[in-house]
């Protein structure tokens, strides 16, 4: 099958005017994500996670190397068309919907890929899909509630439903659990885990620097440090103490229990 993502030797740099030199944000990243795989992208703050996500989300082109997204090479495809096949959930996205839209209306905006609601573009089938996605993620009772009045955890589940409206082949979750309390986080991760069952061909990438924020559906992991890959592969083999210690530059102990990961830094004094 055509990979959802296929990156070879991807590097990205920016000119640092203050230091008068190129600043490397990514270095020789090789990464292949196949349909139905569910990847974790882990690294400390400043490791290059957001930069790499901007490449795979068809926002930035690499400075060197090749990046094929959903079978199309960046630089040789209309990015607007490509982005229509990519779902994206970010913690900051919830701030874009401050109008008096209901939760259902926010989900419906996903059908057109816009922030504003476009009623003329919405038919009965579209409304039925929105209702089905809200139900799938346990948000039936939120449909008519003003989005502004939903909790942060509820908003994130609504945004997850929104991201799936156009049945994307690739779903990117950029630190989706940021700012959530424990119940909100667990409800969101449960919702993400259902995608593996309900959308078996969809590939997902979840970005975080906390392994506790990874859903049980995680199959693979890529670890970044200073823009370079520390390790990549099946999650159980990749997310071990040695690799995470290198990734975060501190001794880390990792436990894998009931399909979920837990990590803690070990005191070095």
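Quick notes on this structure:
- Scanning segment 116-150 for residues that are touching a residue at least 12 places away in the same chain (Cβ under 8 Å) and over 15 Å from residue 100 (Cα atoms) gives 122, 126, 127, 129, 130, 131, 133, 134, 136, 137, 138, 139.
- For segment 248-269, taking the residues that are part of a strand (DSSP E or B) and in contact (Cβ under 8 Å) with a residue 24 or more places away in the chain, the one that is surrounded by the most Cβ atoms within 10 Å (Cβ to Cβ) is identified as 261.
- Within segment 81-102, one or more residues are surrounded by 14 or more Cβ atoms within 10 Å (Cβ to Cβ), over 27 Å from residue 41 (Cβ atoms) and at pLDDT below 95.
- Restricted to strands (runs of 3 or more DSSP E) entirely inside segment 155-247, those with at least 2 residues that are over 14 Å from the mean Cα position of the chain (by Cα) are 220-225, 228-234.
- Test for residue 48: is it more than 23 Å from residue 167 (Cβ to Cβ) and either out of contact with any strand residue (DSSP E or B) (no Cβ under 6 Å at 6 or more places or on another chain) or in contact (Cβ under 8 Å) with a residue 60 or more places away in the chain (or both): yes
- Enumeration of residues in segment 23-72 that are buried (at least 20 other Cβ atoms within 10 Å of the Cβ), within 16 Å of the chain's Cα centre (by Cα) and part of a strand (DSSP E or B): 31, 33, 38, 39, 40, 41, 42, 69
The values are calculated or read from the model by the stated rules, or taken from the named source; none is laboratory data. The model shown is predicted, which means the values in this text are computed figures rather than measured ones. Reconstructed Cβ throughout: ideal geometry from the backbone, glycine too, with neighbour counts over all protein chains shown.
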